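The values are calculated or read from the model by the stated rules, or taken from the named source; none is laboratory data. Source: prediction; values computed, not measured. Using ideal geometry, Cβ is built from the backbone for each residue, glycine included, and neighbour counts are taken over all protein chains shown.
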Amino acid sequence: MTSRTASAQQLRDLALLRRVRDRIDREYARPLDVEALARSVNISAGHLSRQFRIAYGESPYSYLMTRRIERAMALLRRGDLSVTEVCFAVGCSSLGTFSTRFTELVGVPPSVYRREAAQATAGMPPCVAKRVTRPIRNREAPPGEPRLA
């Protein structure tokens, strides 16, 4: 394979990965799995997972869960939905998995975040609150250190 052919293939692969990432960003609240995402771009699930991790530093499932947790954080800050309602609104089907992943990324359970986040972001414009409270990606939150403000 020549370098020009390899380069063209690499660009095609990146375009497919971008389509998958964009689909996750758009459809995070729908039931998505790696097999369905891979079928949508006509590659195997294993190949998608490997290439996605190389390009974005995390697996497609981890990226999906991060998107769901980001949206959940915004809904919890509003304070008008229960943790269970937020869990299902962002596309999670298991409250236990949602709570565990939320705690890993944010550093506090969703119920604690809901109670404390509104106070921590009071007076901040929503765009600033979103940036300040963004979950940690590719790493777990340090134990005992909530990232509220």
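Applying the criterion of being modelled with pLDDT under 95 and either buried (at least 18 other Cβ atoms within 10 Å of the Cβ) or of a type in the set (S, T, N, Q) (or both) to the residues of region 70-80, the residue that is farthest from the chain's Cα centre (by Cα) is 77.
Only residues that are free of Cβ contacts under 8 Å to residues at least 60 places away in the same chain and either among the acidic types (Asp, Glu) or touching an Asp or Glu at 6+ places or on another chain (Cβ under 8 Å) (or both) were counted across region 62-73, and they come to 1.
The residue of region 89-101 that is surrounded by the fewest Cβ atoms within 10 Å (Cβ to Cβ), among those that are without any contact (Cβ under 8 Å) to a residue 12 or more places away in the chain and part of a helix (DSSP H, G or I), is 96. Criterion first (under 15 Å from the mean Cα position of the chain (by Cα), part of a helix (DSSP H, G or I) and crowded, with 19+ Cβ neighbours inside 10 Å) does residue 26 satisfy it? Answer is no for this residue. A Cβ distance below 7 Å, combined with a sequence gap of six or more or placement on separate chains, defines the contacts here; from region 3-19, residues that are within 15 Å of residue 43 (Cβ to Cβ) reach residues that are assigned to a helix (DSSP H, G or I) and of a type outside the set (Phe, Trp, Tyr) in the pairs 13/51; 14/55; 17/51; 17/55. Among the criteria (1) assigned to a helix (DSSP H, G or I); (2) among the aliphatic types (A, V, I, L, M); (3) surrounded by 14 or more Cβ atoms within 10 Å (Cβ to Cβ); (4) under 18 Å from the mean Cα position of the chain (by Cα), the one residue 32 does not fulfil is (1).
For residue 86, state whether it is buried (at least 17 other Cβ atoms within 10 Å of the Cβ) and either among the acidic types (Asp, Glu) or touching a residue at least 40 places away in the same chain (Cβ under 8 Å) (or both). Answer is no for this residue.
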